[in-house]
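Accompanying notes for the structure given below.
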Amino acid sequence: MSAHVEVISTDLRRAKVKVTPGTYLVDVLNEACKKLNVNADKYEVKHKQKIVDLTSPFRTSGLGPGAKLELVQKSKSASVVSIALDISGKRFTKKLPNDMTLWQTLRQFESSESDLNLTGRGAPKDQNGGQLYHEAPVVNIMGREYSALEDLNKTLSQCGINSGSMVLRLSFKLTEKTLFEAMSDIGQFLKNVEPEQPKTEEPKPVPVSKEPKVESGTAEAVEEPKVKSIAESSIPPPETTTPAVTDQEEKEPPGDPMDVDQPQPQPTSPPTEPIDRLLPTSVFVAPTSTTPAAANIHEDDSAYEPTIAHAQLRQQQLLQKAQNIRLKSDAELATIAAEEAAKLAKVTKVEIKVRFPDQTSATWITTPEETGAWLYQAIRATMAYPEQPFKLVIPGSSRTHVEDGSKKLISGYKLKGPQLFNLIWEDGASGEARKSGFLKESVASKARDIVIPEVPQRGGVGESEAGPSGSSAQGKSEKPKKEIDPEALKKKMGKFFKFGKK
């Protein structure tokens with residue numbers, strides 16, 4: 001039993017496409033675009049103002065014989081779809097752009113899950129081992145299988161996945177090609193299809209997952225740890241322990257090397273440095289007034305009146321939000337991450353201010369080598385009850401919790417400038433520690449008041465006469481006070497009520 005559907009293009013041209021109950025709607029789109037001589041990658045199909053799911057066959061689509069479908073243009077930017085990869089009942093989910101090929105999709109799941117091997121599997125044909133043969137991936141989308149390299153090079157959009165979520169069921173088929181031949185053919189195919197990315201898309205041969213003792217796979221299995229060892233050997237050079245050793249070596253020469261009897265005073269001098277380093281650079285007392293300082297600043301109401309420039313800026317922001325934005329590629333995201341890392345690497349010191357529960361505060365200067373454990377130790381050195389538990393929180397919408405561990409403060413929390421931390425008591429803190437002063441006497445005696453700079457207020461009497469802001473405010477206030485001539489108003493309004501004679 002066959003029927004047909006009618007596809008109408010944007011210029012009202014029509015194309016009839018024969019369908020059977022098992023015909024997938026993505027094939028209907030491709031056939032109609034071929035007859036209308038348009039690119040199928042730029043269009044999708046609507047039926048009664050609803051987007052049609054192209055992954056489903058005709059019998060489950062809800063369309064009847066002779067249904068009229070409309071071609072509509074897709075968005076130029078890639079849309080994000082939720083992909084669930086089902087491998088023998090185990091699922092992995094990931095959000096990916098719909099312009100990514102099926103092969104790239106499998107590689108994305110491989111990179112996120114270290115124990116997955118989807119594109120470079122091999123297995124022997126007999127139980128006794130021997131030569132490895134390639135296990136080709138087979139992707140099943142709504143009952144339709146994609147196994148050939150040409151099919152796996154189709155994008156998710158070309159497979160009909162343009163929005164929402166979709167389940168890809170993955171199985172493997174043992175081929176007649178050896179693993180080495182299959183990997184070379186796949187690499188050559190990807191070079192021909194995407195010559196600009198020959199290295200990133202070429203899969204790595206991975207040893208067999210079923211039988212580990214195979215002769216041909218041992219050479220490949222030995223090569224992979226070598227690559228890892230080389231990669232690991234490139235990590236240790238930028239360690240922070242070597243500068244500490246060199247600092248001690250530089251500090252030892254000032255003591256006379258000829259005096260053999262004086263090595264004992266040297267160990268006593270280093271402990272004084274951490275104590276000085278843990279002390280805050282400045283300590284501030286709690287504010288005496290219950291009214292916030294910002295509430296005492298009075299601003300003229302004219303400063304809050306929106307202007308034409310504000311309205312134009314808001315319109316530009318709304319227009320930018322209404323436009324489709326292309327998703328950043330992996331290379332662009334890597335470039336942005338590298339730029340942020342380079343900016344953080346240039347930061348040599350950051351001022352950290354910690355606000356305590358009794359509203360007193362203290363500041364420390366941190367370097368790239370300091371960790372969260374150092375900050376907790378420095379705070380406990382100033383506490384009246386250092387044994388009481390507390391936590392540090394970076395204020396904001398995320399309320400990031402600062403860990404008491406080896407995580408670096410500047411690089412780990414991306415501190416680029418002065419940063420405020422709030423200290424909060426844990427549930428196990430005693431009531432005596434909560435009610436009494438936070439700082440111990442030796443530190444609290446050095447506390448000083450916070451000096452708030454005086455901000456000149458706009459809109460005052462003296463400023464309106466002399467300053468430019470006052471003159472502009474005065475000019476605004478003078479406009480509504482213009483006197484209107486009633487006779488001139490009658491002449492102007494009279495023209496609007498003359499409908500007959502001229």
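Quick notes
- Region 422-434 - phi-based ³J(HN,Hα) in whole Hz, Karplus 6.51/-1.76/1.60, Gly and Pro as x: 9, 9, 10, 5, 7, 5, x, 5, 6, x, 5, 5, 5
- If a spin label sat at a point 7 angstrom from the Cα of Arg59 along the line to its beta carbon, the backbone N atoms of region 4-45 nearer than 15 Å would be those of 19-25.
- Phi angles across region 340-345 convert, under the Karplus curve 6.51 cos²θ - 1.76 cosθ + 1.60 with θ = phi - 60°, into 3J(HN,Hα) values of 5, 5, 5, 5, 5, 5 Hz, Gly and Pro given as x.
- Subtracting the Cα-Cα distance of Lys177 and Arg91 from 0.36 nm times their residue separation leaves 28.1 nm of extension gain.
- The residues neighbouring Gly62, those whose beta-carbon lies less than 13 Å from its own, together hold a net charge of +2 under the Lys/Arg +1, Asp/Glu -1 convention.
- Here the simple spin-label model places points 7 Å from the Cα toward Cβ, and for Glu145 and Val167 these points are separated by 1.9 nm.
- Highest to lowest packing among 7-18, 158-169, scored as the average C-beta count within 10 Å: 158-169, 7-18
- Computed extension length for Glu6-Thr335: 113.7 nm, one decimal, from 0.36 nm per residue of separation with the Cα-Cα distance subtracted.
- Segments 78-86, 43-51 sorted - mean Cβ within 10 Å per residue, highest first: 78-86, 43-51
- Straightening the chain between Gln49 and Lys328 buys 97.4 nm, computed as 0.36 nm per residue apart minus the Cα-Cα spacing.
- 3J(HN,Hα) along region 313-321, derived from phi through the Karplus expression 6.51 cos²θ - 1.76 cosθ + 1.60 where θ = phi - 60°, amounts to 5, 5, 5, 5, 5, 5, 5, 5, 5 Hz, with x in place of Gly and Pro.
- Computed over the Cα atoms of region 332-454, pair by distinct pair, the Kirkwood hydrodynamic radius stands at 15.9 angstrom.
- Among 364-375, 30-41, sorting by the average number of other beta carbon atoms lying within 10 angstrom of each residue, highest first, gives 364-375, 30-41.
- Theoretical FRET efficiency, 1/(1+(r/R0)^6), r = Cβ-Cβ of Ala303 and Ser112, R0 56 Å, to 0.05: 0.65
- Assigned charges on the beta-carbon of Lys, Arg, Asp, Glu; region 3-73 dipole about Cα centre (debye): 220
Every number in this text was worked out from the coordinates using simple rules, so none of it is lab data. Predicted model, so just to flag it, every value in this text is computed and none were measured. Here the Cβ is made from the backbone with ideal geometry for all residues, glycine too, and neighbour counts use every protein chain on show.
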